[in-house]
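The values are calculated or read from the model by the stated rules, or taken from the named source; none is laboratory data. Owing to the predicted nature of the structure, the values given are computational and were not obtained by experimental measurement. Counting neighbours? That spans all protein chains shown, and the Cβs are built from the backbone with ideal geometry, glycine included. We work out accessible area using only protein heavy atoms, side chains counted, and drop any ligands, DNA or RNA first. Shrake-Rupley method; radii C 1.70, N 1.55, O 1.52, S 1.80 Å.
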Amino acid sequence: MKKNSLRLLALVSMLALLVLAACGNDEKADGNKGADGNKDEGKTEQDYKFLSLLTGGTQGTYYPLGGSFAEFITEETGIKTTAEVSQASAANMTALKDGDANIAFVQTDIAYYASKGEMMFDGDVIDDVSAVGSLYPETVQLVTLKKSNIKTFEDLKGKSISIGAPGSGTAANAEQLLEIHGLALSDIKAQNLDFGESQESLQAGQIDAAFITAGTPTGAVEGLNATSEVFIIPVEEDKADELIEKYPYYTKEIIPAGTYGSKEETPAVSVGAMLVMQNDISEELGYQITKAIYENASKIQHAKGALIKAENGLNGIGIPVHPGAQKYFDEVNQ
């Protein structure tokens with residue numbers, strides 16, 4: 001009898017352990033649910049001690065704008081946000097994917113490549129980053145000194161040319177523009193320099209020209225022009241048409257007379273600058289971030305601040321829009 005009682009007690013204990021284990025598994029499976037039973041849609045303000053916003057080099061346009069954006073986001077969300085120097089577009093997309101940053105500037109074409117696993121992201125699709133919004137056109141500028149004998153793309157053959165930092169959007173733009181003009185990287189002495197390095201190398205006579213993709217006026221080009229008069233090599237209309245037909249994320253652009261002291265307009269092409277953020281940022285926090293930027297853009301001192309408007313926020317976006325950003329644009333663009 002005693003043995004039977006012990007066996008019964010052991011059986012009851014085993015059943016109790018099985019029930020507890022099952023409950024534990026259910027709780028684990030539902031661990032991403034909030035107090036209301038709904039799944040948590042992302043990280044909120046309480047989950048962040050700070051936010052990092054990746055820009056580009058200090059001589060580009062992303063860096064000064066990023067400083068303003070960081071201030072706006074800090075004020076709107078209460079989360080200390082810091083603008084950080086980076087190697088720009090391609091590196092920024094990878095950093096967000098790896099969890100090394102939360103928000104970043106990127107060219108629209110580079111964001112598209114990342115979402116498809118193409119070009120510099122060959123076989124490495126980045127689908128955990130989404131768009132905050134479009135900002136302004138980024139002009140592809142082929143910069144040389146006015147005193148040089150380089151006046152057209154054809155004059156680049158055999159010359160030492162900076163095509164931008166390794167893996168940058170500028171490098172992709174340079175290769176595509178060279179291609180349209182019948183040139184390959186093997187036809188030039190390609191140098192992988194960032195904007196500041198390009199400025200210094202042009203000034204020192206170490207290179208002959210440099211590709212710089214950034215909003216105009218660009219700090220590096222202005223700095224160079226302060227010591228040596230610069231010349232922006234034009235992209236003729238037929239070549240621009242050919243480029244756009246093959247790579248539709250480009251648009252025609254005019255660099256206004258007076259930019260860098262020029263007396264005439266300069267035809268060029270551009271891609272878009274946009275802001276992206278990690279998908280795991282909650283809808284509400286994403287909304288606040290987007291609102292902070294677009295409702296304070298008029299305070300930005302840089303010339304590109306005037307182009308950052310909510311009505312243009314979804315223009316040229318080639319990747320999914322963050323639900324928080326979409327909520328903001330739906331609200332203000334009714």
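Among the residues of the range 102-133, the ones that are closer than 20 Å to GLU283 by Cβ and touching a Leu at 6+ places or on another chain (Cβ under 9 Å) come to 8 in all.
A quick yes/no check of all residues on (1) among the charged types (D, E, K, R); (2) over 19 Å from THR61 (Cα atoms); (3) part of a strand (DSSP E or B):
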{"site": "ASP238", "(1), (2), (3)": "yes, yes, no"}
{"site": "ASP241", "(1), (2), (3)": "yes, yes, no"}
{"site": "ILE254", "(1), (2), (3)": "no, no, yes"}
{"site": "ALA257", "(1), (2), (3)": "no, yes, no"}
{"site": "VAL271", "(1), (2), (3)": "no, no, yes"}
{"site": "GLY318", "(1), (2), (3)": "no, yes, no"}
{"site": "ASP330", "(1), (2), (3)": "yes, yes, no"}
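Filtering the range 167-188 to residues that are touching a residue at least 60 places away in the same chain (Cβ under 8 Å) and either over 17 Å from ALA214 (Cβ atoms) or assigned to a helix (DSSP H, G or I) (or both) leaves GLY169, THR170, ALA172, ASN173, GLN176, LEU177, ILE180.
For every residue, the table says whether it meets (1) modelled with pLDDT under 95; (2) open to solvent by 10 Å² or more (accessible area, probe 1.4 Å); (3) out of contact with any Cys (no Cβ under 7 Å at 6 or more places or on another chain); (4) under 30 Å from PRO256 (Cβ atoms).
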| residue | (1), (2), (3), (4) |
| --- | --- |
| ILE73 | no, no, yes, no |
| MET93 | no, no, yes, no |
| GLY123 | yes, yes, yes, no |
| SER160 | no, yes, yes, yes |
| GLY169 | yes, no, yes, yes |
| LEU178 | no, no, yes, yes |
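Residues checked against (1) crowded, with 20+ Cβ neighbours inside 10 Å; (2) at pLDDT below 95:
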position	(1), (2)
PHE195	yes, yes
GLN199	yes, no
GLY205	no, no
GLU222	no, no
ASP241	no, no
TYR247	no, yes
TYR250	yes, yes
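Annotation note: of ALA95, ALA91, ALA101, the sole residue that is over 22 Å from ASP47 (Cβ atoms) and within 13 Å of the chain's Cα centre (by Cα) is ALA91.
Applying a threshold of 7 Å to beta carbon distances and a minimum spacing of six or more residues, or different chains, the list of pairs starting in the range 65-89 at a residue that is free of Cβ contacts under 8 Å to residues at least 24 places away in the same chain and ending at one that is open to solvent by 70 Å² or more (accessible area, probe 1.4 Å) and in a strand (DSSP E or B) reads THR74/LYS80. Just wondering, is there one or more residues in the range 312-327 that are farther than 28 Å from ASP128 by Cβ and open to solvent by 20 Å² or more (accessible area, probe 1.4 Å)? Within the range 312-327, none of the residues are farther than 28 Å from ASP128 by Cβ and open to solvent by 20 Å² or more (accessible area, probe 1.4 Å).
Select from the range 85-134 the residues that are of a type in the set (A, V, I, L, M) and assigned to a loop (DSSP other than H, G, I, E, B) and write down the one among them that is nearest to GLY272 (Cα to Cα).
Ranking the qualifying residues of the range 85-134, first place goes to ALA88.
Of all the criteria given as (1) open to solvent by 40 Å² or more (accessible area, probe 1.4 Å); (2) β-branched (Val, Ile, Thr); (3) touching a Phe, Trp or Tyr at 6+ places or on another chain (Cβ under 8 Å), the one not satisfied by THR227 is (3).
Identify, from the list THR144, THR81, THR139, the residue that is under 21 Å from GLY318 (Cβ atoms), open to solvent by less than 10 Å² (accessible area, probe 1.4 Å), modelled with pLDDT of 95 or more and not aliphatic (A, V, I, L, M).
On the way: THR144 fails: under 21 Å from GLY318 (Cβ atoms); THR81 fails: under 21 Å from GLY318 (Cβ atoms).
Sole residue among the options that is under 21 Å from GLY318 (Cβ atoms), open to solvent by less than 10 Å² (accessible area, probe 1.4 Å), modelled with pLDDT of 95 or more and not aliphatic (A, V, I, L, M): THR139.
If you go through the range 285-311 and keep only what is outside any helix (DSSP H, G or I) and surrounded by fewer than 21 Cβ atoms within 10 Å (Cβ to Cβ), you end up with GLU295, ASN296, ILE300, GLN301, HIS302, LYS309.
None of PHE211, PHE231 is outside any helix (DSSP H, G or I), over 25 Å from THR55 (Cβ atoms), aromatic (Phe, Trp, Tyr) and in contact (Cβ under 8 Å) with a residue 40 or more places away in the chain except PHE231.
Candidates SER162, SER115: the one that is in contact with a strand residue (DSSP E or B) (Cβ under 9 Å, 6 or more places away or on another chain), in contact (Cβ under 8 Å) with a residue 40 or more places away in the chain and more than 30 Å from THR74 (Cα to Cα) is SER162. When the residues of the range 46-71 are narrowed to those that are assigned to a loop (DSSP other than H, G, I, E, B) and open to solvent by less than 20 Å² (accessible area, probe 1.4 Å), which ends up nearest to TYR328 (Cα to Cα)? Within the range 46-71, the match that is nearest to TYR328 (Cα to Cα) is THR55.
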